[in-house]
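The values are calculated or read from the model by the stated rules, or taken from the named source; none is laboratory data. Quick caveat, the model's predicted, so the values are computed rather than measured. A quick note on method: Cβ atoms are made from the backbone with ideal geometry, for glycine too, and the neighbour counts reach across all protein chains shown.
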């Protein structure tokens, strides 16, 4: 709004606007040329490298973002894979533990069966040994009883028996005791 007033005041004074402001055409042209040179130098050495650097930086940022997204996808895939491996390992460990328990139970059952068999064998052997000992003891007892009978008979009859008589009495007593 002040520009129209300013122009109106300049027109009243009778001077042209460039004269009133002290503008000369040759200086305006030189200033325009200087401005264009400075603009060209700034564009070539300032704006263009800065723009190129910014574009390069934008490309690096984009590639970094793409790389980060790719890493996130890989991380997610790796996490899924490791979860699957852990689950598989857990199932395998459970199976191994169950197999070990079954093997231990089978081994324990086998050991128990073997111990039972050995115990039964020992009991059988002990019974056989007892039976042999019993038979031996009975035979010894028969012989001793026969000897006592012969000795008692000698005393009762008050005579000495010959070896043949003794043997006959022993056999008779042994037969009678065997029948008992």
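Some values worked out for this structure:
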quantity: Lone qualifier among 164, 120 - being in a helix (DSSP H, G or I) and loosely packed, with under 10 Cβ neighbours inside 10 Å; calculated: 164
quantity: Qualifying residue in the range 131-138 (condition: part of a helix (DSSP H, G or I), at pLDDT below 85, closer than 24 Å to residue 174 by Cα and out of contact with any helix residue (DSSP H, G or I) (no Cβ under 6 Å at 6 or more places or on another chain)); calculated: yes
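Residue-by-condition table, conditions (1) outside any helix (DSSP H, G or I); (2) modelled with pLDDT under 85; (3) surrounded by 10 or more Cβ atoms within 10 Å (Cβ to Cβ); (4) out of contact with any strand residue (DSSP E or B) (no Cβ under 7 Å at 6 or more places or on another chain):
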{"position": "7", "(1), (2), (3), (4)": "no, yes, yes, yes"}
{"position": "10", "(1), (2), (3), (4)": "no, yes, yes, yes"}
{"position": "23", "(1), (2), (3), (4)": "yes, yes, yes, yes"}
{"position": "30", "(1), (2), (3), (4)": "no, no, yes, yes"}
{"position": "34", "(1), (2), (3), (4)": "no, no, yes, yes"}
{"position": "56", "(1), (2), (3), (4)": "no, no, yes, yes"}
